[in-house]
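Everything below concerns the one structure shown next.
The values are calculated or read from the model by the stated rules, or taken from the named source; none is laboratory data. What you are looking at is a predicted structure, and each value in this text was computed from that prediction instead of being measured. Cβ sites come from the backbone with ideal geometry, for glycine too, and all protein chains shown count toward neighbours. Please note that ligands, DNA and RNA were not included when accessible areas were found on the heavy atoms of the full protein model with its side chains. Shrake-Rupley method; radii C 1.70, N 1.55, O 1.52, S 1.80 Å.
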Amino acid sequence: MTHPRSIVFLTDYGLADEFVGICHGVMARIAPEAKVIDLTHAITRQDVLQGALVLARAGPYLPDRAVYVAVVDPGVGSDRRAIAVETGSGAVLVGPDNGLLSMAWEALGGARRAFEITAESLMLPTLSKTFHGRDVFTPLAAHLAAGVSIEDVGPQIDVADLEVVELPAPMVAPGKVGARVVAVDGFGNVQLNVRPEDIQRAGLGDRLSVHGRSAPRVSVFADLHEHALGVIVDSQGYVALVVNQGSAAELLELRPGGTVVIE
C-alpha cells in the first residue's frame, strides 16, 4: 500500500473554537495514516494576502508532493469556486479560488493543472454554506492524500482564469521608503514589504528612523539595547521592525495592512 501524502493545513480559524479540531477529525476519518502539519491557524481573519504569503514562504521547508489545504475564505457560500491545483513540484493545493493559493503555486513550480471541486462523493454528505473547510476542502484534501487522483475532483479549468493576489511594492523615494505591514509575529516583530535593496535605492544607510523614533539597522537583536527599536533583515529576506526584548508592533501601534515610513 502506498504511503499517504502529508497534508499541510492553514486557516484563519484560530484555536478558541472547535473548527480546527473538527477538520482534523474529518481528515482522520478519511485518511487516518496521513500526517497533518498545522502550518498556522492564526492568519488574521479574512486576510487572504497574509494567508497567501505565509503559505508560499513555507513551501520550501515542507514535504515534497504534500497536499496543501488552506482556508481563508471571506466569500464562503458565494459563487466563488472551490479548486484543486497541481503544481510543477507535484504538490497539490486545495482551497477557495480567491488568490489564497496563488503565491504558493508559484513557489512550488507554477500551476500545472487546475480543477474545480464538484465531486460530491469527495465531500461530506451535507454541505453548509458557512463551513466549507469542514465539508469541502479538508475531506477533499484527505482523499487526495489517500491516493484519489486530482482528475476525479471535478472538471479541469484554465489556470489562466484562476484568481491571484500580489504583494504591493513599497514606495521608494530619495531619503524614504513607504512600506506596508505584511505580518506581525507572536513576538511583535513587524515584517514589511521591503527588501534591503529598497533601503539602498532610497539612499538610506544604517541610521534610520520610523515614526520619528531612531531605528538603527542591525544584524541581530543583541546589537540593540534592551527595549530599543531597530531594523533587521528577517529569515525570509524582508526588512522587519523589531524591539529587543519587546514588541515593535505595540511600540509603533502597527498591525497587518498598516503603513509606515522609514527615513
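Details
- Top-ranked residue in the range 169-185 [being over 15 Å from the mean Cα position of the chain (by Cα) and part of a loop (DSSP other than H, G, I, E, B); ranked as farthest from Ala249 (Cα to Cα)]: Pro174
- When Val177 is tested against (1) free of Cβ contacts under 8 Å to residues at least 60 places away in the same chain; (2) farther than 30 Å from Thr87 by Cβ, exactly one condition is not met: (1).
- For beta carbons closer than 8 Å, sequence separation of 6+ or different chains, a first residue in the range 205-229 that is in contact (Cβ under 8 Å) with a residue 40 or more places away in the chain and of a type in the set (Gly, Ala, Ser) and a second that is in a strand (DSSP E or B) and surrounded by 11 or more Cβ atoms within 10 Å (Cβ to Cβ), the qualifying pairs are Ser209/Ile262; Ala215/Ser209; Ala215/Leu229; Ala215/Gly230; Ala215/Val231; Ala215/Leu241; Ala215/Ile262.
- Number of the exception - Asp158 against (1) at pLDDT 95 or above; (2) of a type in the set (D, E, K, R); (3) surrounded by 14 or more Cβ atoms within 10 Å (Cβ to Cβ): (3)
- Flag for Pro60 being under 14 Å from Leu100 (Cα atoms), open to solvent by 50 Å² or more (accessible area, probe 1.4 Å) and of a type outside the set (D, E, K, R): no
- Test: residue in the range 126-149 that is surrounded by fewer than 15 Cβ atoms within 10 Å (Cβ to Cβ) and either in contact with a Phe, Trp or Tyr (Cβ under 9 Å, 6 or more places away or on another chain) or in a helix (DSSP H, G or I) (or both): no
- The set of residues in the range 217-263 being open to solvent by 30 Å² or more (accessible area, probe 1.4 Å), assigned to a strand (DSSP E or B) and of a type in the set (Val, Ile, Thr) consists of Val233, Thr259, Val261.
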